[in-house]
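What follows is a single structure, written as structure tokens, with notes after it.
Coordinate-derived values only; no laboratory data. Bear in mind that the values here come from a model prediction, so they are computed numbers and not experimental data. No Cβ is skipped: glycine too gets one built from the backbone with ideal geometry, and neighbour counts run over all protein chains shown.
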Amino acid sequence: MKKTTIRALAASILAGFLLITGPVMAEEMSHAGHGAPPATGSGKSEMEQSQHAGANIRNAEVKGYKIAYHLMAMKNSTSTPMPGMKSHHLMIYVMDASGKPVTNAQTGFLVVGPDKANQKAMAMAMGDGYGADLDFKKGAYAITTKLMIGTNKVVDEFTYTAP
């Protein structure tokens, strides 16, 4: 009985938090102010023109899957910071060869920072993408993304330099 009560309480707190901060976070996560190019007339691919939130830091194609990476600063948000909150939210959007979003993957990140410290995070499905909270400070980061899409293992590795 205790576990059920605790779960119900946690679910209520989370629902309340989302109701209060959802509109603020949605506005903060728009392209406005991120310096993102407009989606029309740029001559870029559909993935590069996406209307996803955050700065587009990478577009890749691995094993026939297109992957777009978007990074959002969380500490610049007008919402109240929570204890233990990470500095950024990394989202990836995956499309199959036919251009349809992949929504059934298991996704994880390994991020090695300039100080050689490892951050590991399992991403959660969020809409048509997958996201996780990570800390990024100034410097170069080696990012490895692993996706399991059915029986297909897809791995993407790259270096991102945080300003």
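Things to note:
- In region 42-162, the alpha-carbon atoms span a convex hull of 118 Å³ per residue.
- Taking 19 Å as the limit for the C-alpha separation, the pairs 100/120; 66/120; 116/138; 63/137 exceed it in the case of 100/120; 66/120; 63/137.
- Between residue 117 and residue 158, the distance separating the two model label sites (each 7 Å from Cα on the Cα→Cβ line) works out to 2.5 nm.
- Full extension of the chain between residue 55 and residue 106 yields a length gain of 16.1 nm, computed as 0.36 nm times the residue separation minus the alpha carbon distance.
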